[in-house]
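See structure below.
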Amino acid sequence: MSFHDPDNGTTGTPSEILRQSPFWKKQRIIAIPACNEEEHIIPCLIALATQSYVLPDKVVLWLNNTTDKTYDLAHSLQDKLPFALEIVQVVYHPHLASAGIARREALAHAARHATPDALLFTTDADAEVSKDWIYRTLEAFVCYSVEAVFGRALLLPSEAEKIPLHLHQDEQAEQAYGALLEQITVELCPEPHDPWPRHIEHSGASIAVTRQAWAQVDGIPNVPTGEDRQFYKILKQNGIPVRHAPDVVVYVSARLSGRAQGGMAETLARRIRAQDDYIDEVFETVSRRLLRIRKELAYRFKNQSQPAVTECPPTRIRRDDLENHVKRAQRVLRFLRQTRARCSANLERQTVDQCDSCIPAR
């Protein structure tokens, strides 16, 4: 989740390349888990109903353990929406109820009633997708030949005002450091299907996946929380190409009383009381990132036909030491870019004929 709001306007007409692509004609089903979302469900559905260029074919609203007016409000729109709205009500045992299981079963239900080549989407009931959310997602599928697309989750501008300024600044510092790590990764281990610029989020508020890829990994992992990050992890382990599209955007609420233990709401509430000593655990040290890249490259070299699985012990960065880590990342990135520039210049100056020998890559 990020606090920045990029210029994400849609202008002109749909790309002719996209309109001629098979992805334009695929069935589009969106699964939305919801628990007591009477405040947000109407804006959520209206945002999907007012998409630019392309609409969903069906939306599955998975109401789990809901006791408020979410069903009544959603049902009042059922005949007015430009897509089929299926409302499913379930009750989980209190010890089993979780955001993870709700998303897993919502997507599984959507997949059971989908065509074999359908695209499965998921977002949150307290989210409002951007006007071009579906269109930009389809664009990412076509342009990068991927099987899954992860978008960005930004705070609703009106909701962002609830968050103290110092938390916005801390979030921006973390995101800037994460961007440096990603640029280092792109320099050393480029992925044609996920080039820079890309983001580093794996939020359930914006996931799209082909039904084939979803089935290949047996759907969303059966975990109570963090199912979105675990889903990305299992996609990668199975060698399924994923695009982190920075122009695929969803706006989410900044509520401080959440449904999921360890989720964004709980984290915000805790950090407002007292900021964490450590930055988010998804951000690793530069050394750890370099080691992980090295392991992945070695694995690819030995097993080119197999997916890379590069587990490294977790490391945490103290917030008061983040600036030093940023400086080191900047030095490493500068060195890599200078080295690449020198290699390119040397290759341009050299002539190549039948007698020339290949220069081993370092």
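Annotations
- Using a Gaussian network model of the chain in which every pair of alpha carbons under 10 angstrom is joined by a spring, one finds that among LYS236, LYS162, LYS131 the greatest mean-square fluctuation is at LYS162.
- Most mobile listed residue (SER76, SER158, SER344) in the chain, GNM with C-alpha springs under 10 Å: SER344
- Max mean-square fluctuation residue, GNM over the chain, Cα-Cα springs under 10 Å, options ALA99, ALA49, ALA110: ALA49
- Unsatisfied cross-links (Cα-Cα over 29 Å) in the set LYS26/LYS131; LYS26/LYS302; LYS69/LYS233: LYS26/LYS302; LYS69/LYS233
- Pairwise Cα inverse-distance average, inverted: Kirkwood Rh of the range 23-83 (Å): 12.3 Å
- Here's the picture: charge each Lys and Arg Cβ at +1 and each Asp and Glu Cβ at -1 in the chain, and of ASN64, HIS75, ALA97 the one pushed furthest to the positive end of that dipole is ALA97.
- Whole-angstrom Cα spans of the chain along principal axes, big to small: 75, 52, 40
- Student exercise, the chain dipole from Lys, Arg, Asp, Glu Cβ charges, in Debye to nearest 20: 1260 debye
- Residue-count net charge about TYR278 - beta-carbon cut-off 13 Å; Lys, Arg +1, Asp, Glu -1: -4
- Whether the range 70-124 is rounded, prolate or oblate, judged on the alpha carbon gyration tensor where a/c under 1.5 counts as rounded: oblate
Readers should treat all values here as calculations from the given coordinates under stated rules, not as data from a laboratory. All values reported here derive from a predicted model rather than from experimental measurement. Methodologically, a virtual Cβ is constructed for each residue, glycine included, from the backbone with ideal geometry; neighbour enumeration extends over all protein chains shown.
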